[in-house]
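The values are calculated or read from the model by the stated rules, or taken from the named source; none is laboratory data. Computed from a predicted structure; not experimentally measured. Quick reminder, even Gly has a Cβ in these numbers, built from the backbone with ideal geometry, and neighbours come from all protein chains shown. Quick note on the areas: whole protein, heavy atoms, side chains included, nothing else; ligands and nucleic acids left out. Shrake-Rupley method; radii C 1.70, N 1.55, O 1.52, S 1.80 Å.
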Amino acid sequence: MEEATKQHFFHHGEPGLEAEKQKCHFCQIRSFATRARFPVTIVNTEDDVALDPHYRFVDNSILGKGVEPTKGEFLTGCECVDAEDCEYNTCTCLQDVDDTSSDDEGYGEKPRRKVYAYHSHGTKTGHLRSKILSSRNPIYECHESCACGPDCPNRVVERGRRIPLQIFRTENRGWGVRSTVDIKKGQFVDRYMGEIITAQEANRRRAKSHIAQRKDVYLFALDKFSDPESFDNRLRGPPLEVDGEFMSGPTRFVNHSCEPNMRIFARVGDHADKHLHDLALFAIMDIPRGEELTFDYVDGIDDSENDALDPEKRKDMTRCLCGSKSCRGFLW
Ligand SMILES: C[S@@+](CC[C@H](N)C(=O)[O-])C[C@H]1O[C@@H](n2cnc3c(N)ncnc32)[C@H](O)[C@@H]1O
């Protein structure tokens, strides 16, 4: 770690080291557009280990072979001229929101039911509403094809990470992630990024991996809108997957906890791109600066407690070191 730090700070300003700079983690995170206001830092006060040299930081997912975004002519956004209108179900971006319990508000002839995922006023502006936080509902945001403009309050994930993150060496679970500022319940932290690959490619990578379950830690299926009956054939078949093992952002280093402080939500911009939805991490409680950020890798859906009763299965299982009171004992 110290070697890599020295090399970066003393030599990477010099010309002629382009190839070396490409592989340098500090140069990669310095190239992020938000580096000045919301930097990512890497520290290790535990041991001498550096990040895996094969790993590369990116600030956007990379589309793999055979993965296509929807073509421009099929993209459609809302026509809300006043961004305030994007809080109501009259905004076409929110038309698919399934929110039958409502804060119904009559407005002339049009029903203006507030279905918006975020608080839109006061100190909680931009934070997920508790009703969404305690659900598994997807988040529908306005996006680049919308008329509402970049300041629309329904563009929280689209605007990107607004929190400085630090990757640090934990005592017993390799690298972990924390924030250098306090985070409030409902605040967006960052997306889980990586290479977006086809299901076939994901299975090929699983088969190649020595321990398939280990590979599964880095693979996230984009299956929130999967539906065998869908008119969209991209939603009918096996979903695309995001592989963050060798190319991702800081959230790739977030560890598991059985009592997590964040949760992943599916976030969609253009409805034609549901097959490519984002994986957005939000705080589900207030998190003081410096506290490790975690999420539940299996989001509560887990067979490990049952498997652990079987001595044969148990010997191949990975012990969970989250240290929480309700720890389930095993990661998988
Ligand atoms: C997505 S990575 C997280 C970053 C990882 N700590 C690292 O150093 O690269 C997942 C791996 O972290 C470790 N890990 C994460 N949460 C853990 C936990 N609660 N207990 C034990 N190991 C954990 C396991 O080795 C797991 O395969």
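Let me cross-check M247: its accessible surface, 1.4 Å probe, with only protein heavy atoms counted, in Å² to the nearest 10?
Counting only protein heavy atoms, M247 exposes about 40 Å² to solvent.
At 7 Å along Cα-to-Cβ for each site, give me the label-to-label distance between D286 and S135 in nm.
Distance between label points: 2.6 nm.
Looking at region 1-74, which GluC sites (Glu not before Pro) are in a loop (DSSP not H, G, I, E or B) and have at most 14 other Cβ atoms within 10 Å? Intermediate results must be reported in sequence, preceding the final value.
Numbers: sites: E2, E3, E18, E20, E46, E73; in loops: E46.
Taking region 1-74 and a limit of 14 other Cβ atoms within 10 Å, the loop GluC sites (Glu not before Pro) found are E46.
Which one, H143, A83, M317, is farthest towards the positive end of the dipole of the chain when Lys and Arg carry +1 and Asp and Glu -1 on their Cβ?
M317
Report, in debye and to the nearest 20, how large the dipole of region 26-85 comes out about its Cα centre when Lys and Arg carry +1 and Asp and Glu carry -1 on their Cβ.
The calculated dipole for region 26-85 is roughly 400 debye.
Could you work out how much longer the chain between A147 and R214 gets when fully extended? Use 0.36 nm per residue separation minus the Cα distance between them, nm to one decimal.
Between A147 and R214, full extension yields an extra 19.8 nm.
Among K114/K274; K114/K325; K131/K325; K71/K224, which pairs are too far apart, with a Cα-Cα distance over 28 Å?
Working: K114/K274 22 Å; K114/K325 38 Å; K131/K325 25 Å; K71/K224 21 Å.
Long pairs (Cα-Cα over 28 Å): K114/K325.
Rounded to the nearest 0.05, what FRET efficiency is calculated for Q95 and H54 with R0 set to 30 Å and r the Cβ-Cβ distance?
0.10
Out of D227, D52, D190, any idea which swings most in a Gaussian network model of the chain, alpha carbons joined below 10 Å?
D52
If I model a spin label at T125 and F74 as a point 7 Å from the Cα along the Cα→Cβ vector, what separation in nanometres do I get?
Using points 7 Å along Cα→Cβ, the separation is 3.7 nm.
Among I42, A199, H121, whose Cα projects farthest towards the positive end of the dipole of the chain, with charges put on the beta-carbon of Lys, Arg (+1) and Asp, Glu (-1)?
Toward the positive end, the furthest listed residue is I42.
What nm value, rounded to one decimal, do you get for the distance between K23 and Q200 when each label is placed 7 Å out toward the C-beta?
It is 3.3 nm.
Subtract the Cα-Cα distance of R319 and T34 from 0.36 nm times their separation in residues, and report this length gain in nm to one decimal. Intermediate values should be presented prior to the final figure.
Working: separation 285, 0.36 × 285 = 102.60 nm, distance 3.66 nm.
The R319-T34 span can extend by a further 98.9 nm.
Based on the alpha carbon coordinates of region 166-289, what radius of gyration and maximum Cα-Cα distance (Dmax) apply, in Å?
That works out to 15.9, 49 Å for Rg and Dmax.
Of P153, H210, S179, whose Cα points farthest to the positive end of the dipole of region 133-236 (charges on the beta-carbon: +1 Lys, Arg; -1 Asp, Glu; origin at the Cα centre)?
So the residue furthest toward the plus end is H210.
What residues qualify as long-range amide H neighbours of L17, i.e. H under 5 Å apart, gap of 5 or more or another chain, H built at 1.01 Å from N?
none
So, with +1 on the Cβ of K and R and -1 on the Cβ of D and E, and no other charges, what is the size of the charge dipole of the chain about its Cα centre, to the nearest 20 debye? Before the final figure, lay out each step's value.
Numbers: 47 positive and 57 negative charges, 141 e Å.
Using Cβ point charges on Lys, Arg, Asp and Glu, the chain gives about 680 debye.
Explain nothing, just the number: dipole magnitude of region 115-189 about its Cα centre with +1 on each Lys and Arg Cβ and -1 on each Asp and Glu Cβ, in debye rounded to the nearest 20.
340 debye
Ranked highest first by the average count of other Cβ atoms within 10 Å around their residues, in what order do 57-69, 276-288 fall?
Going by the mean number of other Cβ atoms within 10 Å, highest first, we get 276-288, 57-69.
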